[in-house]
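In what follows, a structure is listed as structure tokens, so that the remarks can point back to it.
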Amino acid sequence: MEYGAFLDRVAVRSRVSPDLAEPLTRAVLHTLAEHIDAGEASDLAGMLPEQLRGDLIDERISAEGFPASEFFRRIDARADLGRPVTEDAVRGVLETVHETVTDAEWTQLMAQLPLEFRELA
């Protein structure tokens, strides 16, 4: 999917302005990179628009594996939105990622996330 189309879909699904879609997307992807292993992050990055790949592939990030509450807290800290908007943002980004990647890649990603995330996308 093209970068602009990806962000447009995130904006609509997250119910935010197009100006917020990019920082929201980057906050979610960066936090995903902190949670999933490097191989999965690399696989996922390869299926996303090139402009977003750096948010998933960063040698300074190592997988931590933390609960969903911490995931949301980190995204809110990065994007400064407040919890209800953050949940909508995560849902919007994950739905758009789901639309963009293969079913096998999506299954692998979901296997590394807390169960609560399966309900979001």
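The set of residues in the stretch 14-35 that are part of a helix (DSSP H, G or I) and over 13 Å from the mean Cα position of the chain (by Cα) comprises Pro18, Asp19, Leu20. Checking Val90, Val10 one by one, the residue that is part of a helix (DSSP H, G or I), among the aliphatic types (A, V, I, L, M) and in contact with a Gly (Cβ under 9 Å, 6 or more places away or on another chain) is Val10 and no other. Could you check, for the stretch 93-114, whether at least one of its residues is touching a helix residue (DSSP H, G or I) at 6+ places or on another chain (Cβ under 8 Å), more than 22 Å from Arg53 (Cβ to Cβ) and either among the hydrophobic types (A, V, I, L, M, F, W, C) or outside any helix (DSSP H, G or I) (or both)? Taking every residue of the stretch 93-114 in turn, at least one turns out to be touching a helix residue (DSSP H, G or I) at 6+ places or on another chain (Cβ under 8 Å), more than 22 Å from Arg53 (Cβ to Cβ) and either among the hydrophobic types (A, V, I, L, M, F, W, C) or outside any helix (DSSP H, G or I) (or both).
Among the residues of the stretch 43-71, those that are more than 20 Å from Glu99 (Cβ to Cβ) and either crowded, with 18+ Cβ neighbours inside 10 Å or at pLDDT 90 or above (or both) comprise Gly54, Ile61, Phe71.
Of the residues making up the stretch 36-46, at least one is in a loop (DSSP other than H, G, I, E, B) and either in contact with a helix residue (DSSP H, G or I) (Cβ under 6 Å, 6 or more places away or on another chain) or in contact (Cβ under 8 Å) with a residue 60 or more places away in the chain (or both). Would you mind telling me which numbered condition in (1) part of a helix (DSSP H, G or I); (2) surrounded by 15 or more Cβ atoms within 10 Å (Cβ to Cβ); (3) among the hydrophobic types (A, V, I, L, M, F, W, C) Ala77 fails? Of everything listed in (1) part of a helix (DSSP H, G or I); (2) surrounded by 15 or more Cβ atoms within 10 Å (Cβ to Cβ); (3) among the hydrophobic types (A, V, I, L, M, F, W, C), Ala77 misses just condition (2). Regarding Ile75, is this residue over 20 Å from Ala11 (Cβ atoms) and in contact (Cβ under 8 Å) with a residue 24 or more places away in the chain? No. Which one is farthest from Val10 (Cα to Cα), of the residues in the stretch 80-115 that are surrounded by fewer than 13 Cβ atoms within 10 Å (Cβ to Cβ) and of a type in the set (Asp, Glu)? Within the stretch 80-115, the match that is farthest from Val10 (Cα to Cα) is Asp103.
The values are calculated or read from the model by the stated rules, or taken from the named source; none is laboratory data. Predicted, not measured: the structure shown is a model, and the values here were computed from it. Neighbour counts are summed over all protein chains in view; Cβ atoms, including those assigned to glycine, are modelled from backbone coordinates with ideal geometry.
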